[in-house]
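Visitor: I have a structure here, written as structure tokens, and I will follow up with some questions on it.
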Amino acid sequence: MSIQVRERLHPGDLSALADLTRDSAQPIDERTLTRLLLVDPDPLSSVVLIAEEDGRALGYTHVALEDGVAYLVSGVVAPSARRRGLGTLLWDGAVARARRAGAGRLVISGRPRGYAAPGIDERRDPATAAFLRARGARAGGSALAMERDLTQDLATASAPARMPVGVRIAPCTPEEVPEMIAAVRADLDPDWAQLLARHVDERSAEQTRGRDLPAGPAAGILLARDAPAEPRSADRDTLGELLGVAASGVVGEDPERFGPIGVMPAARGRGIGGALLDAALQAMARAGSRRAWFQWTSTAGPAHRLYLSRGFRPLTTTTPFLLDLPGDPHVLPDGPQELLAAMQPLEQGRTR
């Protein structure tokens, strides 16, 4: 029987597709695959192309459209089915789907709503990188994942963070959420704002269903503010200007995943990014996390240097790829770091 490609998911598909990734460079479990599919509010903006033979899935690609850009979120061909043209068949289908949706480019990398990996690990998976280059996709810089052990210096977990003069860092309260979301959207990254808002909404819904959440709906989010000149009062706004935000446990379902972190443009250069990072790591250690990790930062710029200064070490380096589609109305940046910024990664620390 010939290979068939379908777009409609059938019961049991997600488990079968997750199994296909088991021996790949980037395994994806069924729960993660489900989350990556359900994160799209419009079902027409996300499609899974499945190559099958005799009713058995041999490979797939997940393509999602977001803000006029098409993302190849994940995909794989079973080892036993390789060298039969399935990869090309699925790639051509993904490109056709992106063009049909009017996308100006296809991004093989992380997308704002969620991703399995920020690119291709060329060291572990050189064949996929070569496949993409052979089909006209170009590399766009590099994405570095890092981690830090939180068990080796627990004595510092209860010590106060290095705090710049006139700055206060504290957990975000429910009353501060609207201001925080608006500020992040306006001054840092709209996708971060969406991520943080979704985290608060999901925890609020859990509280509504009766689940006890002592830390409240904004758990895991810290805010840096100008320290008030006098104690708070009921009739006077003494919160202080919002200077920055740091979060953990808001990307995916792993409480040890750190980010995003950002400092408002007007407040940069005061050491606030470092203080936020210190406070967040200490809070994670106190909560029982054994490590802190994140999936994406650039190797250039102050964020990388800050992470190194706080004991983070590299985990993996991946390469994002882009394919320009005919009729692309966008002018793409030429430099790799500018290209990374254009992709709006969730965890590219903005601490300057």
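The values are calculated or read from the model by the stated rules, or taken from the named source; none is laboratory data. Computed from a prediction, not measured in an experiment: that's the story for all the values here. Using ideal geometry, Cβ is built from the backbone for each residue, glycine included, and neighbour counts are taken over all protein chains shown.
Visitor: Any chance you could count how many residues in the range 106-135 are modelled with pLDDT of 95 or more and on the phi > 0 side of the Ramachandran plot?
Guide: Going through the range 106-135 one residue at a time, the tally reaches 0.
Visitor: Still on this structure: Restricting attention to strands (runs of 3 or more DSSP E) lying wholly within the range 1-106, give those where 1 or more residues are under 28 Å from Gln194 (Cα atoms), in contact (Cβ under 8 Å) with a residue 12 or more places away in the chain and of a type in the set (A, V, I, L, M). So that I can check it myself, show each step before the final result.
Guide: On the way: elements: 4-6, 46-53, 56-66, 69-77.
Of the strands (runs of 3 or more DSSP E) lying wholly inside the range 1-106, those with at least 1 residues that are under 28 Å from Gln194 (Cα atoms), in contact (Cβ under 8 Å) with a residue 12 or more places away in the chain and of a type in the set (A, V, I, L, M) span 46-53, 56-66, 69-77.
Rundown of residues vs (1) crowded, with 17+ Cβ neighbours inside 10 Å; (2) of a type outside the set (Val, Ile, Thr); (3) not assigned by TED's automatic domain parsing to the domain that holds Asp121, yes/no style:
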| position | (1), (2), (3) |
| --- | --- |
| Thr34 | no, no, no |
| Ser45 | no, yes, no |
| Ile50 | yes, no, no |
| Val73 | yes, no, no |
| Val76 | yes, no, no |
| Ser80 | no, yes, no |
| Thr88 | no, no, no |
| Val95 | yes, no, no |
